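Take a look at the structure below.
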Amino acid sequence: MPDPSNETEAQPSEPSAAVDAEMMQTAEEVAKDEEPSGPKRIAVIFAHPDDAEFTCAGTVARWVAEGHEVHYVQLTNGDKGSDDPVVTPEQLTATREAEQRAACAVLGVQQCHFLGHSDAMLVPDLALRCEIVRVIRQIRPDVVVCPDPTVRWVDQQYINHPDHRAAGEATLDAVYPAARDRMTFPELLAEGLEPHKVREVYLSGAKEPDVAIDISEYVDTKLAALRAHASQLGDWDPAPMVREWAQSTASHFDDVGEYAEAYKYFKLD
Ligand SMILES: [Zn+2]
């Protein structure tokens, strides 16, 4: 892998599928300035094993196919994700880590970083922010993907998991300004971790998405990665629901194919 300390030579390209016309304009304008070009390093930061597969794995598969380098950062170990009375949290942690590694192998994710917090206990405090800043300064991503922390519920049938909100809030707070600012978390400087500026952020599961990424060629890869989470799926076939979600998402945007994943997008100054 590229030398993570060599930030100035990281060569991000323009967003691969920021199909929104205004976003494309923004990308072109920035490209005229000093924006580097080339493969990007991307960090996908999420709460539980399988979260990324449900929300953004089609995008990940596309980015990997386009030559970008994707890292996963899994904040909790998923040790509450079973109703089986004979399974221990330790056994479940091991199972779910293996499943996440298998999903990453399907997608071509370079590395998965496991921060090991207990499932359902994630709190977006300064300690979590510091941990995420540490891993951002280690990976030195051009792009971060994380959950939209503003989603409290959806319609009348879904209360968003508090870990998802916590993951999004702590990650955004880590991206800006903590990872960028030299004086924040001096203990990280002492570890040799220099400040790092993330250039783009994609919020998954966003309440108000403004870009869509066409995953029509990658929906089967997304499903294959999702099926790696066998302990969570049981006999359930996720394909009809995942395809319906991706078709519905695509229907809200122009210039995408049959299947899409959508995000709230930021191009940071
Ligand atoms: Zn989750």
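Derivation of every value follows stated rules applied to the coordinates shown; laboratory data play no part. Bear in mind the structure is a predicted one, so any value in this text is a computation, not a measurement. Don't worry about glycine lacking a Cβ; one is built from the backbone with ideal geometry, like all the others, and counts go over all protein chains shown.
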Neighbours by Cβ (under 6 Å, 6+ apart or cross-chain): first from region 215-237, closer than 21 Å to Ala250 by Cβ; second in a loop (DSSP other than H, G, I, E, B)
Ile215/Tyr259; Ser216/Gly257; Ser216/Glu258; Ser216/Tyr259; Val219/Tyr259; Leu226/Pro238
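Restricting to region 63-88, what's the tally of residues that are acidic (Asp, Glu) and crowded, with 18+ Cβ neighbours inside 10 Å? Reasoning before the result, please.
At the first step, the residues of region 63-88 found to be acidic (Asp, Glu) are 66, 69, 79, 83-84.
Subset that is crowded, with 18+ Cβ neighbours inside 10 Å: 69, 79.
Going through region 63-88 one residue at a time, the tally reaches 2.
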What are the residues in region 45-62 that are more than 13 Å from the ligand (Cβ to nearest atom) and either surrounded by 24 or more Cβ atoms within 10 Å (Cβ to Cβ) or aliphatic (A, V, I, L, M) (or both), if any?
Ala57, Gly58, Thr59, Val60, Ala61
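For (1) crowded, with 21+ Cβ neighbours inside 10 Å; (2) on the phi < 0 side of the Ramachandran plot, each residue gets a yes or a no:
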{"position": "Tyr158", "(1), (2)": "no, yes"}
{"position": "Pro162", "(1), (2)": "no, yes"}
{"position": "Ala170", "(1), (2)": "yes, yes"}
{"position": "Phe185", "(1), (2)": "yes, no"}
{"position": "Pro195", "(1), (2)": "no, yes"}
{"position": "Glu200", "(1), (2)": "yes, yes"}
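Among the listed residues Thr171, Thr150, Thr88, Thr93, identify the single one that is more than 13 Å from the chain's Cα centre (by Cα), β-branched (Val, Ile, Thr) and within 16 Å of the ligand (Cβ to nearest atom). Let's see the steps before the verdict.
Working: Thr171 fails: more than 13 Å from the chain's Cα centre (by Cα); Thr150 fails: within 16 Å of the ligand (Cβ to nearest atom); Thr88 fails: within 16 Å of the ligand (Cβ to nearest atom).
Answer to the check: Thr93.
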Among the numbered conditions (1) buried (at least 20 other Cβ atoms within 10 Å of the Cβ); (2) more than 25 Å from Met241 (Cα to Cα); (3) among the β-branched types (Val, Ile, Thr), tell me where Val109 comes up short.
(2)
